[in-house]
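The values are calculated or read from the model by the stated rules, or taken from the named source; none is laboratory data. Just so we're clear, the structure is a prediction, and the values are computed from it rather than from any experiment. Cβ placement follows ideal geometry from the backbone for every residue including glycine, while neighbour counts extend to all protein chains displayed.
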């Protein structure tokens, strides 16, 4: 928890002079090989690379394997493991109280798609400035592997039970409802996930990342469409994503017409290199079409699905004073006696 | 028309008229615009210096269902609902028959002439008024007639009960002063009603209003509006709510106040945030998130919302996060009587959530206390780092009550134990859930400050806030939370006690029941010679005063507005069993605000004393009984 006195020579320091170890959290209690641990690693790296001040970060989660993970990164940040499916409301309150904080919410596919779907959809509508990560393995790990609402039609449980309901596509839902950065990735795709996380951390608005994260204990078998090998074989990146933070003035060389760039509010850039197609992440209906097409082929379109860097986020819609509400002194929050007198007079 | 001529009625005489002691009931159709007329009626009595109260008995409906407004004027200051109606204004064809049939002999009735109500009874005084004919004459625009028609009964009542017409005009001016056209139309209708009554009815009613001076300096306000002012003065910064009757007007009033008084003058930016949440679960989640991050946050709801808030309340209790929750109590779940009053959430709220949980409850009995306890709730919640509930009810929250002006808070905001550099130095080592001060209240840190971070969880943590499933860690934590609740008992407002020498009977009540108790105690003394002491609970946990009060009396009646004797059950849980045999119950649960007569009759019956005033059951509603008592 404490900053080591002086850094060991030769250790890499980031732009605010910290080692990567200072972004770590407690020891994970998740299964060895769990995709969620890989996501925690990427969060640690992304925060280290961006030089995020951990004291300015809020970590929030609901309940489930996924929701335990905030304890495993950024131990210098305040964290709140709330109740099942209700992280969005806690995040909303916390950010309204102190909108100067960088908030990372971690949820799961059950925590989001089942018990928490109500709060999820309203969070997306509000475009709260929050990085919302779904660690998506299509099953309930802590309760021993039942299907979750993101399990694909026809996917099987370990004991052979077949899922006969269609999945909820959280990305399509997020785009439809107003989230302003929507991406899908894979816990095994280190490069893509890192770039998307950095983009999400730099975005002002709801950044919804659905990260396919295989459950090695209950959902990694033949017949599952959320197994490591299935996802690896059926991942279809829409473009090759890289991220250039505002503090690095790097010109990426590329051939004319082979890349697209999205500039974020802080000047950081998401650079998308064309792959098989020229995917435009600012085209909302195009994004929906691609999601439907790839899903119908049993594939996962990954990468940056949709972005709107200009839309106002919830905190800015609230027209709040610059100083965090939580820090306002009584001289501002308690009106003087003359106000009470005026109110009393009105009631006579 | 002979039968409806008041001159021919048996009780039409002006010789003896009861002064400043009557109730008026106005029966209308929901959505017919009677609100203004009723407000003018109550306001003009108030302006005449007569103690008044108004109870709106309304359906869960936008328009079309019956609604009643009862006004009570009483020179002795009794402002609880009066069971008997002395004067009826029958405007609703659907209920008029029953409204008239349930009146006690001697009552007066103003009614819409075509309803032909005078045929129903010969022991009432009837005043038929041709409303349509009168309104057509004063309101040429047919579309507006519906809105001013009700002002005609105000005019007629003004004449019949001697309510000063100029006070009515003054009240109208206060209400509609900014809309001169509407004002002129309404004044015209008011005068038309007055003139018609004056020209038509030979004798005035058996009841009359007479100017007195009991309301000097007082104001009229609803409990929810008062609580909203309390939240404003408490310096609330985050409000999250979900609309529900009878609570909505609290947050709606608060939003109006915040927009007016809490915008930064230089920048025009808000020093508050209000969210209409997707449901009550999210509303409390937002409050917990905001309070955790250091804001003063509140929500307001009613019973159904309280049920939904159960899980988050438990989290707030165990994670030790402040929250202020107003429960404007109403009758039970779903449809039926959502717009009727009750004190039915006491037990479920005191222990809301799973696991071992207890929550401080504040129990306002007046609009002033709605205000004061709103202010106190924020201080308590932050001092105790726990959810605090303000248990108002529909009667208190949505009805108009007289009050002295509210006092400006004398104490500075109490933000509780929030760790800063200096305290950290003093403590040496910090653990989020460590009881360093031996009051059960630990020190917390806020995100975004330079203070050490911690990971917030529910039940499974040790003193340092680390994850733990150890039995001793859990038990130690629970025992500390018990100590914290004991500390809460030293911080919540103490009960108000009126000990009467030689009284063998004690009465315990709380909340809006108070006003019926004030009157009932006088009835018990004057009608049956029964002296009573009185303890009005203002909060849970109970202070030692309650036990001492029970010890000092032979029998103690706990009066409450629910079926299951919920407050008595809490008392039974928390107090020495030796005391429990003394407890009796008086329970009122028909959805109407509790009245003195019902309480008096119930106590006299249990005392084995003759019921002096065998009040007929009105409106077919059961009166209070000793259900659940020994």
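Scanning the range B:60-74 for residues that are surrounded by fewer than 17 Cβ atoms within 10 Å (Cβ to Cβ) and touching a residue at least 40 places away in the same chain (Cβ under 8 Å) yields a count of 1.
Filter the range B:263-283 for residues that are assigned to a helix (DSSP H, G or I), at the interface with another protein chain (Cβ under 8 Å from one of its Cβ atoms) and in contact with a strand residue (DSSP E or B) (Cβ under 6 Å, 6 or more places away or on another chain) and give the result. Show your work before the answer.
Step one: filter the range B:263-283 for residues assigned to a helix (DSSP H, G or I), giving B:280-283.
Keeping just the survivors that are at the interface with another protein chain (Cβ under 8 Å from one of its Cβ atoms) gives B:281-283.
Correct list: B:283 only.
Considering only residues in the range B:431-448 that are assigned to a loop (DSSP other than H, G, I, E, B) and within 11 Å of another protein chain (Cβ to nearest Cβ), the one that is farthest from residue A:60 (Cα to Cα) turns out to be B:432. The set of residues in the range A:66-112 that are farther than 20 Å from residue B:291 by Cα and assigned to a strand (DSSP E or B) comprises A:73, A:106, A:107, A:108.
For residues that are more than 21 Å from residue B:320 (Cβ to Cβ) and facing chain B (nearest Cβ under 8 Å), tally how many sit in the range A:55-75. Steps first, please.
Filtering the range A:55-75 for residues more than 21 Å from residue B:320 (Cβ to Cβ) gives A:55-57, A:64-66, A:69, A:72-74.
Retained after the next criterion (residues that are facing chain B (nearest Cβ under 8 Å)): A:55-56.
Number satisfying all stated conditions: 2.
All of A:63, A:43 fail the test of being assigned to a loop (DSSP other than H, G, I, E, B) and modelled with pLDDT of 95 or more, apart from A:63.
Checked against (1) at pLDDT 95 or above; (2) surrounded by fewer than 20 Cβ atoms within 10 Å (Cβ to Cβ); (3) more than 26 Å from residue B:72 (Cα to Cα), residue B:565 meets all criteria but (2).
Of all residues in the range B:172-188, none satisfies being touching a strand residue (DSSP E or B) at 6+ places or on another chain (Cβ under 7 Å) and either within 14 Å of chain A (Cβ to nearest Cβ) or within 30 Å of residue A:327 (Cβ to Cβ) (or both). Here residue B:338 meets each of (1) closer than 14 Å to residue B:287 by Cβ; (2) surrounded by fewer than 24 Cβ atoms within 10 Å (Cβ to Cβ) with one exception, condition (1). Residue A:265 meets each of the listed conditions (1) more than 14 Å from chain B (Cβ to nearest Cβ); (2) under 19 Å from the mean Cα position of the chain (by Cα); (3) surrounded by 15 or more Cβ atoms within 10 Å (Cβ to Cβ) apart from (3). Selection over the range B:12-63 of residues that are over 13 Å from residue B:89 (Cβ atoms) and part of a loop (DSSP other than H, G, I, E, B) gives a count of 20.
Only residues that are within 13 Å of chain B (Cβ to nearest Cβ), in contact with a helix residue (DSSP H, G or I) (Cβ under 8 Å, 6 or more places away or on another chain), within 19 Å of residue A:68 (Cα to Cα) and in a loop (DSSP other than H, G, I, E, B) were counted in the range A:115-149, giving 2. Within the range B:449-489, the set of residues being within 12 Å of chain A (Cβ to nearest Cβ), over 16 Å from residue A:26 (Cβ atoms) and touching a strand residue (DSSP E or B) at 6+ places or on another chain (Cβ under 8 Å) comprises B:458 only.
From A:276, A:280, grab the single residue that is at pLDDT below 95 and more than 14 Å from every other protein chain (Cβ to nearest Cβ).
Details: A:280 fails: at pLDDT below 95.
Every option except A:276 fails the conditions.
Among the candidates B:317, B:371, single out the residue that is buried (at least 24 other Cβ atoms within 10 Å of the Cβ) and within 14 Å of the chain's Cα centre (by Cα). Answer to the selection: B:371.
Could you tell me whether the range B:497-514 includes any residue that is more than 36 Å from the chain's Cα centre (by Cα) and modelled with pLDDT of 95 or more?
If we filter the range B:497-514 for residues that are more than 36 Å from the chain's Cα centre (by Cα), which is where we start, we get none.
The answer is no; no qualifying residue exists.
Of all residues in the range B:290-299, exactly one satisfies the criterion of being touching a strand residue (DSSP E or B) at 6+ places or on another chain (Cβ under 7 Å) and more than 13 Å from residue B:378 (Cβ to Cβ), namely B:292. Among the residues making up the range B:291-304, those that are under 28 Å from the mean Cα position of the chain (by Cα) and either facing chain A (nearest Cβ under 7 Å) or surrounded by 21 or more Cβ atoms within 10 Å (Cβ to Cβ) (or both) are B:291, B:295, B:296, B:297, B:298, B:299, B:300, B:301, B:302, B:303.
Does residue B:409 satisfy being at pLDDT 95 or above and over 21 Å from the mean Cα position of the chain (by Cα)?
Numbers: at pLDDT 95 or above: yes; over 21 Å from the mean Cα position of the chain (by Cα): yes.
Here the answer is yes, as residue B:409 does meet what is asked.
Considering (1) surrounded by 24 or more Cβ atoms within 10 Å (Cβ to Cβ); (2) within 14 Å of the chain's Cα centre (by Cα), the lone condition that residue A:137 does not fulfil carries the number (2). Given the structure, is residue A:173 within 23 Å of residue A:287 (Cα to Cα), in contact (Cβ under 8 Å) with a residue 40 or more places away in the chain, away from chain B (no Cβ under 14 Å) and outside any strand (DSSP E or B)? Spelling it out, residue A:173 is indeed within 23 Å of residue A:287 (Cα to Cα), in contact (Cβ under 8 Å) with a residue 40 or more places away in the chain, away from chain B (no Cβ under 14 Å) and outside any strand (DSSP E or B). Among the criteria (1) touching a helix residue (DSSP H, G or I) at 6+ places or on another chain (Cβ under 8 Å); (2) closer than 22 Å to residue A:185 by Cβ, the one residue A:155 does not fulfil is (1).
Is it fair to say residue A:87 is facing chain B (nearest Cβ under 9 Å) and either within 15 Å of the chain's Cα centre (by Cα) or without any contact (Cβ under 8 Å) to a residue 24 or more places away in the chain (or both)? Spelling it out, residue A:87 is indeed facing chain B (nearest Cβ under 9 Å) and either within 15 Å of the chain's Cα centre (by Cα) or without any contact (Cβ under 8 Å) to a residue 24 or more places away in the chain (or both). Just the residues that are more than 14 Å from chain A (Cβ to nearest Cβ), surrounded by 21 or more Cβ atoms within 10 Å (Cβ to Cβ) and assigned to a helix (DSSP H, G or I), please, taken from the range B:195-251. Scanning the range B:195-251 gives B:196, B:197, B:250, B:251.
Note on the range B:393-426: among residues that are within 24 Å of residue A:341 (Cβ to Cβ) and more than 14 Å from chain A (Cβ to nearest Cβ), the one that is surrounded by the fewest Cβ atoms within 10 Å (Cβ to Cβ) is B:396. Out of everything in the range A:93-111 that is over 12 Å from the mean Cα position of the chain (by Cα) and closer than 28 Å to residue A:188 by Cα, what residue ends up being nearest to the other protein chains (Cβ to nearest Cβ)? The selected residue is A:111.
Identify all residues within the range A:296-348 that are surrounded by fewer than 18 Cβ atoms within 10 Å (Cβ to Cβ), at the interface with chain B (Cβ under 10 Å from one of its Cβ atoms) and in a loop (DSSP other than H, G, I, E, B); write none if there are none. Selection gives A:319, A:322, A:323, A:329, A:336, A:348. Checking B:339, B:368, B:349, B:335 one by one, the residue that is modelled with pLDDT under 95 and either within 14 Å of chain A (Cβ to nearest Cβ) or touching a strand residue (DSSP E or B) at 6+ places or on another chain (Cβ under 9 Å) (or both) is B:339 and no other.
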